[in-house]
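The block underneath contains the structure these notes are about, expressed in structure tokens.
The values are calculated or read from the model by the stated rules, or taken from the named source; none is laboratory data. All values derive from a computational prediction rather than experimental measurement. FYI the Cβ positions are ideal-geometry reconstructions off the backbone, even for glycines, and counts take in every protein chain you see.
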Amino acid sequence: MDKVFIKDLRITGIIGIYEHERTTPQEMVINAIMLTDIRKAAESDEIVDCVDYEKVANRIREHAETVRRMTVEALAEDLARLCLETPGVRGVTIRVEKTQAIRDTGSVGVEISREKA
């Protein structure tokens, strides 16, 4: 299985359970690794046969910036479903990190892997 990835997508949005997190946007870093078969795209050299990572990144950004989830777990599930709706994507690993949640850490977050049923 081949992989198409989006690395270190920086997004600012409302996420968290604490009062200050519900009113002050935080930086999140999102990574997505989508499992696909690139052979048709490689042969045709046409974007219509590719997983369009720009479109996926834009959908991830739009969702994460507006959804206002309480937990990174819920956001990660949302983003996994969004990626799996993309034509050609058979599986996905999503990593959501909050970069300012805990002092003296680079980040905290979750990573999940999901596949189409």
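Conditions (1) touching a His at 6+ places or on another chain (Cβ under 8 Å); (2) hydroxyl-bearing (Ser, Thr, Tyr); (3) modelled with pLDDT of 95 or more; (4) within 25 Å of Met1 (Cβ to Cβ), marked per residue:
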| residue | (1), (2), (3), (4) |
| --- | --- |
| Glu27 | no, no, yes, no |
| Glu54 | no, no, yes, yes |
| Arg68 | no, no, yes, no |
| Thr71 | no, yes, yes, no |
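Residues are listed down the side, and each one gets a yes or a no for (1) within 15 Å of Val110 (Cβ to Cβ); (2) polar (S, T, N, Q); (3) free of Cβ contacts under 8 Å to residues at least 24 places away in the same chain:
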site	(1), (2), (3)
Asp8	no, no, yes
His20	no, no, yes
Thr23	no, yes, yes
Glu27	no, no, no
Ala32	yes, no, no
Glu54	no, no, yes
Thr93	yes, yes, no
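So, in segment 22-72, of the ones that are among the small types (Gly, Ala, Ser) and closer than 18 Å to Ile94 by Cα, which residue ends up surrounded by the most Cβ atoms within 10 Å (Cβ to Cβ)? Working first, answer last.
Looking only at segment 22-72, we keep the residues that are among the small types (Gly, Ala, Ser), and these are 32, 41-42, 44, 57, 64.
Right, trim to closer than 18 Å to Ile94 by Cα and you get 32, 57, 64.
Details: Ala32: 25, Ala57: 15, Ala64: 23.
So, considering only residues that are among the small types (Gly, Ala, Ser) and closer than 18 Å to Ile94 by Cα, the one surrounded by the most Cβ atoms within 10 Å (Cβ to Cβ) is Ala32.
Hey, among Ala101, Ala80, which residue is out of contact with any Leu (no Cβ under 9 Å at 6 or more places or on another chain), modelled with pLDDT under 95 and surrounded by 12 or more Cβ atoms within 10 Å (Cβ to Cβ)?
Exactly one of Ala101, Ala80 is out of contact with any Leu (no Cβ under 9 Å at 6 or more places or on another chain), modelled with pLDDT under 95 and surrounded by 12 or more Cβ atoms within 10 Å (Cβ to Cβ), namely Ala101.
How many residues does segment 83-98 contain that are acidic (Asp, Glu) and either over 21 Å from Glu65 (Cβ atoms) or surrounded by fewer than 17 Cβ atoms within 10 Å (Cβ to Cβ) (or both)?
Final tally of qualifying residues: 1.
Looking at Arg95, Arg68 in this structure, which one is charged (D, E, K, R) and either within 17 Å of Arg114 (Cα to Cα) or outside any loop (DSSP other than H, G, I, E, B) (or both)?
From the options Arg95, Arg68, the qualifying one is Arg95.
Here are the criteria: (1) outside any strand (DSSP E or B); (2) surrounded by fewer than 19 Cβ atoms within 10 Å (Cβ to Cβ). Tell me which single one Ser113 does not satisfy.
With respect to (1) outside any strand (DSSP E or B); (2) surrounded by fewer than 19 Cβ atoms within 10 Å (Cβ to Cβ), Ser113 is out only on (1).
Mind counting the residues in segment 73-117 that are hydroxyl-bearing (Ser, Thr, Tyr) and within 22 Å of Val4 (Cα to Cα)? Before the answer, list the steps.
Keep residues of segment 73-117 that are hydroxyl-bearing (Ser, Thr, Tyr), which gives 86, 93, 99, 105, 107, 113.
Within this subset, residues satisfying the condition of being within 22 Å of Val4 (Cα to Cα) are 86, 93, 113.
Final tally of qualifying residues: 3.
Arg68 is checked against (1) without any contact (Cβ under 8 Å) to a residue 40 or more places away in the chain; (2) over 20 Å from Ile47 (Cα atoms); (3) not aliphatic (A, V, I, L, M) and fails just one. What number does that condition carry?
(1)
Could you tell me whether Glu62 is free of Cβ contacts under 8 Å to residues at least 60 places away in the same chain, part of a helix (DSSP H, G or I) and over 25 Å from Ala117 (Cα atoms)?
Against the criterion (free of Cβ contacts under 8 Å to residues at least 60 places away in the same chain, part of a helix (DSSP H, G or I) and over 25 Å from Ala117 (Cα atoms)), Glu62 qualifies.
Need the failing condition index for Met34 against (1) of a type outside the set (Gly, Ala, Ser); (2) in contact with a helix residue (DSSP H, G or I) (Cβ under 6 Å, 6 or more places away or on another chain); (3) part of a helix (DSSP H, G or I), just the number.
(3)
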